[in-house]
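Here's the structure we're looking at; comments come further down.
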Amino acid sequence: MGNTENNENVGNTEETIVVTGKKGSGRGLFLLLGMIIGAAAAVIIMAVAGRASGNVSGISSVISDETAEKLVKIRNKINSYYLFDRDVDTQEGILKGYVDSFGDPYTVYYTEDEYASLMESTSGVYCGIGVVVTQNASTGVISVVRPYVNAPGWEAGMQADDILYKVEGEEVTGQDLSLVVTKIKGDEGTSVAITIYRPSTGEYIDMTVTRRKIEIETIAHEMKENNIGYIEMTSFDDVTYHQFMEAFNDLKDQGMQGLIVDIRDNGGGLLTSVCDILDELLPAGIITYTEDRDGKGDKIYSDAACVLDVPMVVLVNGNSASASEIFTGALQDYGKATIVGTQTFGKGIVQSIMALGDGSAIKITTSRYYTPNGVCIHGVGITPDVIVENDTELEGDEQLKRAIEVLQDMMK
């Protein structure tokens, strides 16, 4: 929303494809739910070649005779009395309903069109409206975290904390975030109708937003007083590793003696991106690892090369999710940074996306991921070393001010 509408981020999306390969290349095996949001977590892509074997002998455990009979009765009633158009794909609806019945917002069935949209690569460049969104896992409500300045959403009047109510006249609360993001993205020059609810005024606002090419700068940096370097990281996209290192090296050349990395409202992104950055900041050891229900999983390591040679503070809040929590947890566990702000989002589970051979696919929660010290933060989040709320009635950024104070003490 860049998932980030990659959350779309309406740039990273809530989910983004990653594969593992060369550092910063964006090639690899994982997909992280961002966000954009909300939630933001790692997703392993498991392509299942070919169609299923056709063995349906166990189908009675899914649909009993009683359920099948009831389904026929429901169909007959609808055929006889239903007021509106009945030209719908009930087969896809049955499949979606079965998957939805598990009550896991991250386990989803995708039709062929939905799966094709989902597989769009998150490169930091896309056609959309330039808005980062997040989704509350409990309520399904999708909220705006950040409209990028001078992007179409910002120009249309979207604001942080607006609730995304409708897209093209359809209510989107409770829908899979990645699919909502793909509805908002589209061809350059086309328009999308959006209705937002603004909690601060209690009003619903309709807007038509024209999509255009969005090139997301995921990193901003500056040198503050006393040689304190400041890097703001809004998402973890293909471009983020290189942008981060350029910013880091520029600050070093300017004489940086301490570093603040601000990942507040960063809903996540690519696992390869966050791990490539952490590889530069950590000593040799585990960055993160996953475990499935059988205790099996994968481990990702950093090597011994480490460019971080100054004290560091990481700024977080309740919208710091998924890849942001991998970033925070690893640095905290290794004692390489002091964490300042408020409790992070708490997205610590992994989904696998499995193609079903006919163009459709299913995303299933398959494992948990852990910080280097073996902590699973799902549903809990990461507790900062220094807890600071931002008082909206006070001028200025209280969390950033406190981060600077903490860093100055560390630099003495």
| remark: All conditions in (1) part of a strand (DSSP E or B); (2) under 22 Å from Cys275 (Cα atoms); (3) in contact with a helix residue (DSSP H, G or I) (Cβ under 7 Å, 6 or more places away or on another chain) are true of Ile362 except (2)
| Only one residue in Ala116, Ala137 is of a type in the set (Gly, Ala, Ser) and closer than 30 Å to Ile263 by Cβ, so which one is that? | Ala137
| message | Looking only at strands (runs of 3 or more DSSP E) that lie completely in the stretch 195-242, which have at least 2 residues being polar (S, T, N, Q) and closer than 21 Å to Glu168 by Cα? | response | 203-210
| Is it the case that some residue within the stretch 150-165 is part of a strand (DSSP E or B) and of a type in the set (D, E, K, R)? | no
| message | Quick check on this structure: which one of Gly124, Gly93, Gly128, Gly50 is at pLDDT 85 or above and under 30 Å from Leu271 (Cβ atoms)? | response | Gly128
| request: Answer yes if at least one residue in the stretch 245-268 is under 18 Å from the mean Cα position of the chain (by Cα), under 21 Å from Ala305 (Cβ atoms), part of a helix (DSSP H, G or I) and at pLDDT 95 or above, and no otherwise. | output: no
| note | Subset of the stretch 296-336, residues more than 21 Å from the chain's Cα centre (by Cα) and crowded, with 24+ Cβ neighbours inside 10 Å, comes to Val313
| message | Cβ-Cβ under 8 Å, sequence separation 6+ or interchain: first residue in the stretch 369-385 and within 12 Å of Thr328 (Cα to Cα), partner surrounded by fewer than 21 Cβ atoms within 10 Å (Cβ to Cβ) and among the polar types (S, T, N, Q). Which pairs? | response | Gly381/Gln343; Ile382/Gln343; Thr383/Gln343; Pro384/Thr342; Pro384/Gln343; Asp385/Thr338
| Tally of residues being surrounded by fewer than 23 Cβ atoms within 10 Å (Cβ to Cβ), in contact with a Ser or Thr (Cβ under 9 Å, 6 or more places away or on another chain) and not aliphatic (A, V, I, L, M) across the stretch 212-231 | 1
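The values are calculated or read from the model by the stated rules, or taken from the named source; none is laboratory data. Just so it is clear, the model here is predicted, and its values are computed rather than measured. Don't worry about glycine lacking a Cβ; one is built from the backbone with ideal geometry, like all the others, and counts go over all protein chains shown.
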